[in-house]
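Student: Structure provided below as structure tokens; questions to follow.
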Amino acid sequence: MVLAQLGGSISRAIQQMSNATIIDEKVLNECLNEITRALLQSDVQFKLVRDMQTNIKKIVNLDDLAAGHNKRRIIQQAIFNELCKMLDPGKPSFTLKKGKPSVIMFVGLQGSGKTTTCTKYAFYHQKKGWKPALVCADTFRAGAFDQLKQNATKAKIPFYGSYTESDPVRIAVEGVERFKKENCDLIIVDTSGRHKQEAALFEEMRQVSEATKPDLVIFVMDSSIGQAAFDQAQAFKQSISVGAVIVTKMDGHAKGGGALSAVAATKSPVIFIGTGEHMDEFEVFDVKPFVSRLLG
Ligand code: GDP
């Protein structure tokens, strides 16, 4: 279920409940079951949805509803708050400082949009006055360096990589050192991905991280992976200290639920979303406007 449909389904469920003459537990349950179905179809993890249902039941007081208060508003507010709570891990991600070099390491599976997102992130900050640089430590995927080079050249961002060196740790360290010397204040390290979560990928990630000591590790996740989102995000979090999430491919048939699951699994905020293949199809992620839009 895409985001707009999710909002529609939730609104419809609330509307149906508001139309009932008497709001008793049965009517409230029907409404919450309807909302649960909609969230599950949007790929929010089952446990999160179940917890949300329990919380809403605790918050929404049936006596208030029966007394003729604005039922629609009460339930809508409770759902709004619960969804915001799910998306807000309660701690901000690392804050970049201009003029001081920060190393940001990107991790994620192959095809998640990692390389594209590295450039988008660099481009976004370049426009805001930072001095970014891109390091391609992906020696696994053929063509990864060419792709990064092409993107970086288009955005006029300095880049570093190698066609011959096969050790990602070495490239990462060399690139970071070089750009620190060149006074870049945002050094972005693109790492390799694999088709699936596997030991070799996580080991490589750990080594690159140990050698470059990133200030922030960003986990990039494709929004179309469905219910797999929670487990994937959790597997990364268990291997490396993920501090923020970027959810890609939120355009087209994207399901929003994966974002909620990734936040829950990593206890880290979503900081941006990717909304297309182009460099500027990239948006800052704000919880409240996102949920407002979701609920229509
Ligand atoms: P990587 O293997 O994780 O580095 O993934 P890439 O950056 O090569 O991206 C894989 C594909 O997804 C490419 O065709 C990108 O153009 C595409 N892509 C990346 N981000 C987005 C996005 O936000 N929206 C859409 N529609 N496509 C994207």
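The values are calculated or read from the model by the stated rules, or taken from the named source; none is laboratory data. The structure displayed is predicted, hence computed values, not measured ones. For neighbour counting, all protein chains shown are included, and Cβ atoms are generated from backbone atoms with ideal geometry for every residue, glycine included. What goes into the accessible areas is simple: the full protein's heavy atoms, side chains included, and nothing from ligands, DNA or RNA. Shrake-Rupley method; radii C 1.70, N 1.55, O 1.52, S 1.80 Å.
Student: Ignoring ligands, DNA and RNA, what accessible area per residue does segment 185-296 give at 1.4 Å, in Å²?
Tutor: Value for segment 185-296: 39 Å² per residue.
Student: Here's another thing I want to ask about it. Express the carbon and sulfur contribution to the solvent-accessible surface of the chain as a percent, rounded to the nearest whole number, probe 1.4 angstrom.
Tutor: 50
Student: Then there's this: Per residue, how large is the accessible surface of segment 1-149? Use a 1.4 angstrom probe and give square angstrom. Before the final figure, lay out each step's value.
Tutor: On the way: 7120 Å² over 149 residues.
Counting only protein heavy atoms, the per-residue value for segment 1-149 is 48 Å².
Student: Counting each DSSP H run of 4 or more residues in the chain as -39500 (n - 2.57), what helix-only mean residue ellipticity at 222 nm follows after dividing by all residues, to the nearest 500 deg cm²/dmol? Intermediate values should be presented prior to the final figure.
Tutor: Values: 12 runs with 154 residues, N = 296.
That calculation yields -16500 deg cm²/dmol at 222 nm.
Student: For the pairs LYS128/LYS181; LYS249/LYS288; LYS98/LYS120; LYS91/LYS181; LYS156/LYS267, note any where the Cα-Cα span goes beyond 23 Å.
Tutor: The answer is LYS91/LYS181; LYS156/LYS267.
Student: In sequence order, what are the phi-derived ³J(HN,Hα) couplings for segment 157-166 according to the Karplus relation 6.51 cos²θ - 1.76 cosθ + 1.60 with θ = phi - 60°, rounded to whole Hz, with x for glycine and proline?
Tutor: Calculated HN-Hα couplings, in order: 10, x, 9, 9, x, 8, 8, 10, 6, 9 Hz.
Student: A further question follows. Please find, in a Gaussian network model of the chain (springs between Cα atoms separated by less than 10 Å), the residue of ILE79, ILE271, ILE56 whose mean-square fluctuation is greatest.
Tutor: ILE56
Student: Mind listing the long-range amide H neighbours of LEU186? Cut-off is under 5 Å, sequence gap 5 or more, other chains count too, H placed in the peptide plane at 1.01 Å from N.
Tutor: Sorted by chain and number, the residues that satisfy this are SER102, LYS131, ALA133.
Student: Arrange the peptides 256-267, 125-136 so that the one whose residues have, on average, the most other Cβ atoms within 10 Å appears first.
Tutor: Per-residue Cβ counts within 10 Å, averaged per peptide and sorted highest first, yield 256-267, 125-136.
Student: Can you list the aspartates and glutamates whose alpha carbon is less than 18 Å from that of LYS100, not counting same-chain residues fewer than 8 positions off?
Tutor: GLU177, GLU182, ASP185, ASP215
Student: Roughly speaking, what is the stretch gain from ALA142 to ILE22, that is 0.36 nm per residue apart minus the C-alpha to C-alpha distance, in nm to one decimal? Don't skip to the answer; put the middle values down first.
Tutor: Numbers: separation 120, 0.36 × 120 = 43.20 nm, distance 6.36 nm.
Gain in length upon complete extension: 36.8 nm.
Student: Picking from PHE94, HIS278, GLY257, whose Cα lies most toward the positive end of the charge dipole for the chain (charges on Cβ: Lys, Arg +1; Asp, Glu -1)?
Tutor: The residue sitting farthest along the positive end of the dipole is PHE94.
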